[in-house]
Amino acid sequence: MGCVGQAAARKAMIVGLDCAEPSLVLERWRDRLPTLSGLMERGVSGRLTSIVPPITVPAWSCMMASCTPGELGVYGFRNRADHSYDGAFIADGSAIRVPRLWDLVGRGGGSSIVVGVPGTYPPRPLRGALVSCFLTPSLESRYTYPPALRDEVAQVVGDYMFDVTGFRTDDKDRLLRQIYEMTDKRFGLAEHLLETRPWQLFAFVEMGTDRIHHGFWKYMDPEHRKHEPGNPYEQAILEYYEHVDGLIGRLLRHADDETLVLVVSDHGAKRLDGGIRVNEWLRREGLLATKTEPEGVCSPRDVGIDWSRTTAWGEGGYYARVFLNVEGREPEGTIPAAEYEVVRDDLARRLAAIPDDGGRPLATSVYKPEELYPRVEGVAPDLIVIFGDLLWRSVGTIGGDEGVHTLENDTGPDDANHAQDGLLIAAGAGVTARGTLDAHLLDVAPTVLELLGLPVPEEMRGTSLAARLGTAA
């Protein structure tokens, strides 16, 4: 365990805004966000580099535990449970087997309030109160700790909302209403818990920032290829940020001079230029074979994958997870184990060379998990592919007339992809510096622990920012 220092803060308040884009908060709209700009003036602000891949699951768990996706064995929302072709699982909180901030605060005798942090369903016992995350199936689920808190939630906000339904939709008016309703209920519940519960740690995550980016980015961004000037939703994201800024101000009423305040996001956002149909590309390259020819756009599994003639397959999403079909590892592996690295290197080179829809080079990065993570648990992808510096996403379909490139997302309308850098604002107890401070997502947990005077586990991968926060810029 790391040394226990003198506490610089009595409490820590973490306000998480999923997908909040730092360029909007720190630069473009700073003058329109009085609460956040006030925190910046009193403290420090900058970019919080996310993990690879920069996605909600597993980023928030990585932040709260200061460990990599490899150590969690969680590489996205859906993960391979084993080396079979059909063994996949949804990575909810049961997949997280390491202690997170509230567990460590509890060990030190402190209480926590945890609301909406991804990776907290199903809830586990803690010293304090917890309301689980967007992965909660329904209001009928057991989503609070202690269990009796569920009735109190209903009394305070009525039907609590874990997420908006179908945020990839063309019905923008309904989506906007849902986002505001969810956000207001979540912040209202957070205020209630701050007023009625003892706490040393408050950890809260709002999902609305992510949902509004995916739903409305093209309306705001003139560089988006689907942008139409003068559309009725041009100000939708700005107005929502202004609304959230006001709600954060209400939370800050509960942060006294002995409270460290952090406003953070797990990643940022940027326009989405299109999708690379990774399985269609593999099929055209002779690396993925199907049992029958697809009639129109479909999933490879809809027509059946001929594993005896398949070298690799991929998954769609914000990034591509590419898996190799290896002899002795997969049930019908075709790649001799001795040729694995040669095949993997060749495939990585070819994936990186895929151009955009105009034949221009894409700034694509292809990683091997063991190059990214000091330890690789679970069944990791053989290759992690970030297309076009995240201006392009991975689409898993095959067939149809589109070819390798598509302007449509296979899971519904989507305007934005994730960006590598999230947001960091720090103010309050233990923060005396002024100006800019950039850091890494893994630095958050050790920073909070050190400023609270609690031990920092040696296995944490991040570095405490306490000394840098307390030094005048």
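Observations on the model:
- Checking the Cα-Cα distances for LYS172/LYS218; LYS226/LYS368; LYS172/LYS226; LYS226/LYS270 against a 23 Å cut-off, the pairs over it are LYS226/LYS368.
- Cα centre as origin, Lys/Arg/Asp/Glu Cβ charges: the stretch 306-374 dipole, Debye: 180 debye
- With kT/(6 pi eta Rh) evaluated at 37 °C and eta = 0.692 mPa s, and Rh the Kirkwood radius from Cα pairs, the chain diffuses with a coefficient of 142 µm²/s according to Stokes-Einstein.
- For the pair GLU332 and ALA467 in one chain, pulling the backbone fully straight at 0.36 nm per residue adds 43.2 nm over the alpha carbon distance.
- Acute angle (nearest 10 degrees) that the helix 208-220 long axis makes with the longest principal axis of the chain, alpha-carbon atoms: 60 degrees
- ASP184 versus ARG253: modelled label distance in nm, points set 7 Å from Cα along the beta carbon direction: 1.7 nm
- Taking the accessible area of the chain, probe 1.4 Å, and keeping the other protein chains in place, the carbon and sulfur fraction comes to 48%.
- Reported value for the stretch 20-73: 91 Å³ per residue, from the convex hull of its C-alpha atoms.
- Summed over qualifying helices (DSSP H, 4 residues or more, each -39500 (n - 2.57)) and divided by its residue number, the chain shows a 222 nm mean residue ellipticity of -8000 deg cm²/dmol.
- C-alpha long axis of helix 236-251 to longest principal axis of the chain, angle in °: 40 degrees
- Charge dipole of the stretch 171-283 about the Cα centre (unit charges at C-beta), most positive-ward option of TYR233, LEU282, VAL244: LEU282
- Sequence ranges 98-105, 124-131, 155-162, ranked by mean other-Cβ count within 10 angstrom, highest first: 98-105, 124-131, 155-162
- Here the Kirkwood formula puts the hydrodynamic radius of the stretch 367-473 at 17.8 Å, using every distinct Cα pair.
- In the context of the full set of protein chains, residues of the stretch 317-473 present 40 Å² of accessible surface per residue (probe radius 1.4 Å, heavy atoms only).
- Relative packing of peptides 70-82, 323-335 - highest average C-beta neighbours within 10 Å first: 70-82, 323-335
- Per residue accessible area in Å² of the stretch 130-210, where ligands, DNA and RNA are left out and the probe is 1.4 Å: 39 Å²
- Dipole magnitude for the stretch 389-472: computed about the Cα centre from +1 point charges on Lys and Arg Cβ and -1 point charges on Asp and Glu Cβ, it is near 640 debye.
- In plain terms, the chain from GLU377 to GLN155 could stretch by 75.7 nm, reckoned as 0.36 nm per residue minus the Cα-Cα distance.
- Positive end of the dipole of the stretch 125-277 (Cβ unit charges, origin at the Cα centre): among HIS192, MET207, VAL156, the Cα lying farthest that way belongs to MET207.
- Subtracting the Cα-Cα distance of ARG28 and ARG434 from 0.36 nm times their residue separation leaves 144.2 nm of extension gain.
- Taking Cα centre as origin and charging only the Cβ of basic (Lys, Arg, +1) and acidic (Asp, Glu, -1) residues, the dipole magnitude of the stretch 66-125 rounds to 160 debye.
- C-alpha long axis of helix 56-65 to longest principal axis of the chain, angle in °: 40 degrees
- Nitroxide proxy distance, nm - points 7 Å out along Cα→Cβ at ASP346 and GLN235: 5.8 nm
- Rounded to the nearest 0.05, the FRET efficiency derived from the C-beta distance between ASP82 and THR169 at R0 = 30 Å is 0.30.
The values are calculated or read from the model by the stated rules, or taken from the named source; none is laboratory data. If you're wondering where the values come from, they're calculated on a predicted model, not measured in any experiment. Positions of Cβ are backbone-derived with ideal geometry, glycine not excepted, and every protein chain shown enters the neighbour counts. Keep in mind that these areas ignore ligands, DNA and RNA; they rest on the heavy atoms of the full protein, side chains included. Shrake-Rupley method; radii C 1.70, N 1.55, O 1.52, S 1.80 Å.
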